[in-house]
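The values are calculated or read from the model by the stated rules, or taken from the named source; none is laboratory data. These figures come from a predicted structure and were not determined experimentally. Please note: Cβ atoms are built from the backbone with ideal geometry, for glycine as well, and neighbour counts cover all protein chains shown.
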Amino acid sequence: MALADASSSLATPDVSTGAAAATAPSLEAFWMPFTPNRKFKRAPQLIAGSEGLYYDMVGGRRVLDAIAGLWCVNAGHRNPRISAALKAQIDTLDYASSFQMGHTGAFALASRLGDLAPGDLNHVFFTNSGSESVDTALKIALAYHRARGDAGRYRLIGRERSYHGVSFGSISVGGIGRQRSTFGPLLNGVDHLPHTHDLARNAFSRGEPAFGVEKADALEALLTLHDPSTVAAVIVEPVAGSTGVLVPPVGYLKRLREICSKHGVLLILDEVITGFGRVGARFASDLFGVVPDIITTAKGLTNGAVPMGAVLVSDRVHQAFMRGSEDSVELLHGYTYSGHPLACAAAMATLDCYIEDGLFDQAAALSPYFEDALHSLKDLPGVIDIRNIGMLAGVELATRDGSVGNHAQAVTQQCLARNVLVRPVGDTIALSPPFTFTRGHVDEVIDTLRASILAVADAAPR
Ligand SMILES: Cc1ncc(COP(=O)(O)O)c(C=O)c1O
């Protein structure tokens, strides 16, 4: 089956003028992120439009989006509420700086996020992405200890197999070897907890796996190794997303919280994927019963319609900055587009969808059906694990020919050929459907995945 359906009218640029010859662009200039550019451009999959749960591909195919764009379009594509809010906003206020000025939308959104957030995380710093949220959180953590006169706390602790984005701060605390080695040296004073993935004991767990709470004790060991009074913060994803959908073992996050509190270390939970209903609660922090000191968010905050991130900060951490002269800037940090009016409008409308239109509830209600459907794939050839929590799931496939990723790539291509978009992360097929999925859509995705896994198994050399 032909996988590529890009329009044949894609033009080559006129080399003498640099201008595109026809209306369609050349593919050459766009250096695509996290993409094997040359391979993609040989058989491009180009998207022309979107509606609800579907992408419309150039060439006319409709593809069911089982990954919410990139774990972000939780309320479905071109959600009418969000589109209307954006149209109204662009005709009212296009841009306003948040540096020593401000517009009402940013204050209103921050208040609403503070109300939504767990515990006393009542203060909000706006960014434009998950990476920026992580950098911001790390900087707040370091500056917090300085503001308290405890400048000796400079170390940061991340975790193996974690993804926190692409900034230098993010990759320093991140736990993906290749991402780190390509760009090192990175931040000093960073160490990592072991990851929690344990196929031998936890394969095919539903929700939180039973085994592995003791992996949190590695934090005590690291703190002892480095001297706890030198450590500023620990950052983990509650559920690691991009490294394979790794759900934490029962009790793990609570134990991290206890150890952090005992030693005066801040706990940052990176909820860029897990925030805003993805795991069946507003935040994973709520689901796992843990109140961190800082939460990082992005993605589902605006339904992906406009780039935005938000860092949610506890009263205690915020209060440490609100001292001294009122003339001085409390945190020397910010982005030109922090609290951008369009992003604020998109986020407000997105929260309306989640809360007033009941999408948080819809996602939570669909989760058990999604779980049962997923686990029906258990006995297929090459399936070595299935993990799920809320509307987030991973189907792990056996690595073939010693080349991590090839198996999941092949299955993903088969799914796409059958008009369903899934995401390969290593050899795990990740699923994170929009919350507007119905049982019928779940069935379609699972049937497609089954057929695709079988097709790849049939084609494998024996
Ligand atoms: C947990 C987590 N943190 C941070 C990021 C980085 O977000 P962005 O790509 O918006 O910078 C991601 C992106 O997938 C993520 O999954």
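Working carefully through the options 291, 317, find the one that is more than 16 Å from the ligand (Cβ to nearest atom) and either touching a Gly at 6+ places or on another chain (Cβ under 9 Å) or not assigned by TED's automatic domain parsing to the domain that holds residue 110 (or both).
291
If only one of 30, 34 is under 22 Å from residue 433 (Cα atoms), outside any helix (DSSP H, G or I), at pLDDT 95 or above and aromatic (Phe, Trp, Tyr), which one is it? Full working, then the answer.
Details: 30 fails: under 22 Å from residue 433 (Cα atoms).
34 is the lone residue from the list that is under 22 Å from residue 433 (Cα atoms), outside any helix (DSSP H, G or I), at pLDDT 95 or above and aromatic (Phe, Trp, Tyr).
Looking across segment 326-356, the residues that are part of a loop (DSSP other than H, G, I, E, B) and among the aliphatic types (A, V, I, L, M) come down to 329, 331, 332. May I ask you to list the residues in segment 125-144 that are surrounded by fewer than 24 Cβ atoms within 10 Å (Cβ to Cβ) and either away from the ligand (no atom under 16 Å from the Cβ) or farther than 20 Å from residue 168 by Cβ (or both)? Those that are surrounded by fewer than 24 Cβ atoms within 10 Å (Cβ to Cβ) and either away from the ligand (no atom under 16 Å from the Cβ) or farther than 20 Å from residue 168 by Cβ (or both): 142, 143.
Here is the figure for segment 139-180: residues that are outside any helix (DSSP H, G or I), among the aliphatic types (A, V, I, L, M) and either more than 13 Å from residue 234 (Cβ to Cβ) or out of contact with any helix residue (DSSP H, G or I) (no Cβ under 8 Å at 6 or more places or on another chain) (or both) total 3. For first residues located in segment 391-411 and in the same structural domain as residue 433 (by TED's automatic domain parsing), partners that are buried (at least 24 other Cβ atoms within 10 Å of the Cβ) and among the polar types (S, T, N, Q) and lie 6+ apart or on another chain with Cβ distances below 6 Å form the pairs 392/432; 394/428; 396/428.
One residue is enough: does segment 251-263 have a residue meeting the conditions under 30 Å from residue 78 (Cβ atoms) and in contact with a strand residue (DSSP E or B) (Cβ under 8 Å, 6 or more places away or on another chain)? No.
Note on segment 393-410: among residues that are surrounded by 24 or more Cβ atoms within 10 Å (Cβ to Cβ) and aliphatic (A, V, I, L, M), the one that is nearest to the chain's Cα centre (by Cα) is 393. In segment 259-282 there is no residue matching the filter, namely being away from the ligand (no atom under 16 Å from the Cβ) and touching a Phe, Trp or Tyr at 6+ places or on another chain (Cβ under 6 Å).
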